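No lab work stands behind these numbers, since they all come straight from the coordinates. Predicted model, so just to flag it, every value in this text is computed and none were measured. Every residue, glycine as well, gets a Cβ built from its backbone with ideal geometry; the counts of neighbours run over all protein chains shown.
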Amino acid sequence: MNRRHFLLASALMLALPAQAQTAWDSTLEAAKGQTVYWHAWGGDPKINDFIAWVGEQAQARHGVSIEHVKLASTADAVARVLGERDAGITTGGAVDLIWINGENFAAMKDQGLLFGPFAEQLPNWPLMDVAGKPAVVTDFTLPTEGFESPWAMAQFVFEYDSTRLPEPPRSLAALKDWIIANPGRFSYPQPPDYLGTTFLKQVAYGTLADPSVMQQPLDEATYDATVAPMWAWLDEVTPALWRAGKAYPQNEPALGQLLADAEVDVGFALNPGRASAEIAAGNLADTVRTFTLEGGTIGNASFVAIPFNAAHQAGAQVVANLLLDPEIQARAQDPNILGFQTVLDLSSLADTDRARFDALELGVATLSPADLGPALLEPHGSWMVRIGQDWIARYGVAQ
Amino acid sequence: MSTGGLLRWAPRLTLALLVVPVAAGLLGTVIPAFSQDAKGLRALLDWPGLPRAAILSLTTGVAATALSLAVTLLLVASLWGTRAFALIQHMLAPLLSVPHAAAALGLAFLIAPSGWIVRLVSPWATGWALPPDLLILNDPYGLSLTLGLVTKEVPFLFLMALAALPQTDVTRRINVAQSLGAGRVAAFVISVFPSLYRQLRLPVYAVLAYSMTAVEMAMILGPTRPYTLSVQVVIWMADPMLTGRATASAGAILQLALVGLALGLWVGSERLARRLLVYLAEAGLRAHGLDPVARWVAVVAGALTSGALILGLAGLAVWSVAGLWQFPDVLPESLTLRTWLRAAPDLVSTGGVTLGIAALATALSLALVLACLEAEHRFALLPGSGALWVLYLPLLVPQVAFLPGLQIAALRSGAEGHWVAVSAAHMVFVLPYVFLSLAPAYRAWDSRIAVAGMALGATPSRVFWRLRLPMVLRPVLTAAAVGGAVSVGQYLPTLLIGGGRIETLTTEAVALSSGGNRRLIGAYALLQMILPAVGFALALLVPALLFRNRRGMSVAS
Amino acid sequence: MTGVLELQGLCVYHGAAQVVALDLAVAPGEVLTIMGPSGSGKSTALAAVMGTLSPAFRTEGRVILMGRDITTLPAHQRRVGLLFQDDVLFPHLSVGENLAFALPPSVKGRQARRAAIDAALDAADLSGFAARDPATLSGGQRARVALMRTLLAQPCALLLDEPFSRLDASLRAQIRSFVLSRVRNEGLPAVLVTHDAEDAVAAGGPVVSPLGQPVAL
């Protein structure tokens, strides 16, 4: 531990009331020997490997083991906690930690299914870049209030193969023209898929007269008129979509596979480093590049939350804190590992820790923070739900 | 005879084991559908995709069943007794043991516009440098889904037909009918088909119910705008909103009603078919010209269904060792073991859990089935047709209709989330298959052996352990392998009763399939097949080894 | 240990129809022959004595063996031996194991059991056949193993269910005399079921129909 780190650590300890320190000690004590059942989407081997590695770290540092419960959908874990509550199980629940955000978080928080607040009491919380990345405390406009702890930043980026498409369309209008001029070469995951709905919100950002209304809960009286331009945009491109809009990929990896199979020329992800990581893993050609739109793209954070009835709440908090550890954050940002952007404020880190981030290469397809452009705020959760439902009524049922 | 009392109860215990979970689960599903002002039902009716999803469920289910039955009957009618028939018999077990999810994923890669078939002929024959924009997978009519179902249901119906054929005296009947001037196919249709179908009825109903409600296959191959009803039910089940669960329950009830309706329609068309057959027989159907055509169609249909399955799995196997593999390359640019090395630790732990669950469910099912069959033999019980229906109950009632209710029951009892509970839930599905696969051989055993044994002073249990069990070892092990394969392939029961904490190769594979990573899916699909394949291999090898010097125990005799 | 096999008013009904009516005694060493066309109830009579009748049949009367009432005893406790039309050797066991299966547990010790089996094989002219696969034996050899297996179980009576009908003519007389001479030597009461008059003549005992009527040869 170098001097600066030591000072920082001391300062942190001083900053924390002695009581809190004792409380964390007892949390660590209680966590020892626990197995944390972390329910997290299991569709990506890179993420699965990362979680396994975090499990090794948790075991080595705190004697906590992690069991990754691989979900097909985060909602499975939410439904499980609901089921337990309905069955009267208020302690010893099966879910200790959930990778969560957006509507799932809103639903759990709303129904009182979450343990906490805990996030802002975690020892690593002071490293968080709250000022620079407001999304770490505001999840789809909903204040997290310490009921979930962020661990990765995400931003919407388009992916394309530069050999097939030398100059990608960099605005929503240009994208529309390109889609119509190149029928069958673009698609998006079928809403209510998370990424698919995010794409719809991206379209809304580019077409609504005043996108800032989406920061408020939607107003039924004006909703139809407000979103009309978004539907108009979609109506125009739909006949020129992949499969003429008669079928859609199911989720982000399925869209990624379409890009890899050359079934589409432009894909996208909520992870600026995904393309580089996929290239490194040999799943995408090394000519794939990424781009964002001129006005910016939607950014949000990934969180972990602890259910109210979790059997291993102490262990779950230890894992949530460990996820904020600079070493772990740096590994997550490594394009060869995950390519997830860190939630930490690099200027608050010790030199050695900052060096970990500085040493990371961007990856061949990853944009630099400057090129990435501004991160637009997620709309209020009510928009996501409603737009997803309306999409199903408009396009989700074959005519 | 101290065990006699217990043994006498085995059939009743077994039937209860099948009826109680299904009934309790159904009840647990019905209640949420109609509680709170039936808001689940109302939400279901408000869903814009409902009419189409319901019709899709009917059309894909009925089409898949009719096609599977037709292909099976064609194969039996035109190839019975030929070398090709023997070949199919050998391929059957491995094909049957392929989990539905793996089969669907393999098929998806095969027939997709960027799949293997298009790659093989591109660009040299088609001129396609990019995959054509054709709607093949997830087509709105469910044709891909139907094809996928057929590839998995033909092996099942074929196996059931094989079990039924010895009791229908095929060779003699065909010979007699042919000597009266009928063509081979006509002879089969008129003289064998009626009694064969009588024994195939329940399996066919099970295929119909399954095809209408398949979840994994429909997720991968089925229409998406809207989804089939069963997939939508599962999506609702996972909805974080409370209303989702009630809607799911209402959807499950509708699904159940649709299956009932389809079964009714099917039974009705059976009547029509019977009249048609009688008419054809009276009209003196000969149809010699049909034979070569039928044989040709049978070979093509059989090759297509098995070929689709085998090539699809081969494709997944290649994916599991593929480096970069771009369109239109027929093979990957490079091969790598990275996927396998990565999967290895998971394989060991997940494979262990899968094996443990399958072993327990199979062992208990086998014990119960043997007890039932032995009780039937010793007490000369005549199983009524009601018992057979009960046996098929878990295969006829859609899984999505009773498993959610069963999950709630498991939750309340605190059993949920334990691998033993998962194993118990698997038994509901394993037991019928073990019974169906073992009963014909067990009943066909020469009962004079038992009389001879008892005349030599051997107790019934000594007769069972020393004579009957060793003599039916091969079918017993085959039934165990079938049971193991069924357990390994279970998805919904594992997911729901295991509470997501019990990971088997199948839940892992399906979770991965949502990620579309063909490399890892390929690895898991193959691993998923290895366990059942080892089981089937043991079922062949162990008796062959034990009885290598006993000609009377060879397969032919 | 020998004694008389008595059938006391043994009647078997299938529904309302009477298929067996026997009231007689078979002395040790004597062979009673039951003759009749197929389906006449011959085998039903044997099954009634054996205790293996299916529940579809109703039985009256008693079966007394060596003064012991065995009417309600399960088959394996009756000590009634049985020879089938076919040899019904256990195909998964060697010749020696087939014989060992029949040896009562009272024959203790591996050597004693081995000796009993070898003696039985010697008596059947099959010395050294213990390790053989029964499927590799000739029809005559198999018939002799089957008889020796039945005798090793030390039965108190013997039932013969058309045991010679499947053998070809040259073997038939030979095996028949082998079996009958063993029955006489052992002094067992025996019941032979056949539709072949030659068998009945060779048996030398009384000949009746399943319904107890004397049959003239």
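Using the Cβ-Cβ distance between residue A:212 and residue A:130 with R0 set to 30 Å, the FRET efficiency works out to roughly 0.90.
Can you pull the mean other chain C-beta count within 10 Å for peptide B:110-119? Show your work: numbers first, answer last.
On the way: counts 0, 0, 4, 5, 6, 1, 0, 0, 0, 1.
That average works out to 2.
Between residue B:31 and residue A:182, the modelled labels are 5.6 nm apart [label points 7 Å from Cα along Cα→Cβ]. Distance between the 7 Å Cα→Cβ label points at residue A:29 and residue B:176: 8.7 nm. Between residue B:448 and residue C:168, the FRET efficiency estimated from the beta carbon spacing at R0 = 22 angstrom works out to 0.55.
The loop-placed GluC sites (Glu not before Pro) in the range A:124-185, going by DSSP, that have at most 15 neighbouring Cβ atoms within 10 Å of their Cβ come out as A:145. Among the DSSP helices (H) of chain C, those spanning at least 18 angstrom by Cα along their long axis with an average Kyte-Doolittle hydropathy of -0.5 or more are C:110-123, C:139-152, C:169-186; this is a geometric and hydropathy rule only.
Pairs of Lys residues in the protein assembly as shown, spaced 8 or more positions apart or belonging to different chains, with C-alpha separations under 22 angstrom: 6 in total.
Label separation (residue B:20 vs residue B:462): 3.6 nm, computed from points 7 Å beyond Cα along the C-beta direction.
What's the extension gain from residue B:199 to residue B:334 if we count 0.36 nm per residue and subtract their Cα-Cα distance? Don't skip to the end; give the middle numbers.
Numbers: separation 135, 0.36 × 135 = 48.60 nm, distance 5.08 nm.
Taking residue B:199 through residue B:334 to full extension adds about 43.5 nm, to one decimal.
For chain B, return all DSSP H helices satisfying: extent of Cα atoms along own axis at least 18 Å; mean Kyte-Doolittle hydropathy at least -0.5.
Values: long enough: B:2-46 (59 Å, 0.87); B:50-79 (43 Å, 1.74); B:83-96 (20 Å, 1.21); B:143-164 (30 Å, 1.65); B:193-213 (28 Å, 0.48); B:242-282 (61 Å, 0.92); B:290-320 (44 Å, 1.47); B:338-378 (56 Å, 0.85); B:399-413 (20 Å, 0.93); B:419-444 (36 Å, 1.33); B:473-489 (24 Å, 1.34); B:518-546 (41 Å, 1.70).
Qualifying helices: B:2-46, B:50-79, B:83-96, B:143-164, B:193-213, B:242-282, B:290-320, B:338-378, B:399-413, B:419-444, B:473-489, B:518-546.
Separation of the range A:189-231 from the range B:137-212 is 53 Å, based on Cα centroids.
Taken residue by residue and averaged, Cβ atoms of other chains lying within 10 Å of the Cβ of A:171-179 number 0. Mind jotting down the distance between the C-alpha centroids of the range A:315-331 and the range A:251-276, whole Å? Going from one Cα centre to the other spans 28 Å.
Sorting the segments C:126-139, C:30-43 by their residues' average number of neighbouring beta-carbon atoms within 10 angstrom, most packed first, yields C:30-43, C:126-139.
What are the membrane-span-like helices in chain A by this rule: whole DSSP H runs, Cα extent along the axis at least 15 Å, mean Kyte-Doolittle hydropathy at least 0.5? Intermediate values should be presented prior to the final figure.
Numbers: long enough: A:3-15 (18 Å, 0.95); A:18-31 (20 Å, -0.31); A:45-62 (25 Å, -0.59); A:74-86 (19 Å, -0.23); A:194-207 (20 Å, 0.25); A:220-237 (27 Å, 0.07); A:381-395 (21 Å, -0.25).
Counting only whole DSSP H runs, the qualifying helices are A:3-15.
A Förster radius of 35 Å combined with the Cβ-Cβ distance from residue A:371 to residue B:530 puts the calculated FRET efficiency at roughly 0.15.
Counting beta carbons within 10 Å around each of B:282, C:186 and listing the fewest first gives the order B:282, C:186.
Each of the peptides B:196-203, B:453-460 was scored by the mean count of other Cβ atoms within 10 Å over its residues; in descending order, highest first, they stand as B:453-460, B:196-203.
Packing, taken as the mean count of other beta carbons within 10 Å per residue, orders the peptides B:436-443, B:300-307 from highest to lowest as B:436-443, B:300-307. Distance from the alpha carbon centroid of the range C:15-76 to that of the range C:111-173 works out to 25 angstrom. Taken residue by residue and averaged, Cβ atoms of other chains lying within 10 Å of the Cβ of A:74-87 number 6. Over all other residues within a Cβ to Cβ distance under 13 Å of residue C:92, the charged ones net out to +3, with Lys and Arg as +1 and Asp and Glu as -1. Here the residues A:348, A:382, B:191, B:423, ranked from fewest to most Cβ neighbours within 10 Å of their Cβ, fall in the order A:348, A:382, B:191, B:423.
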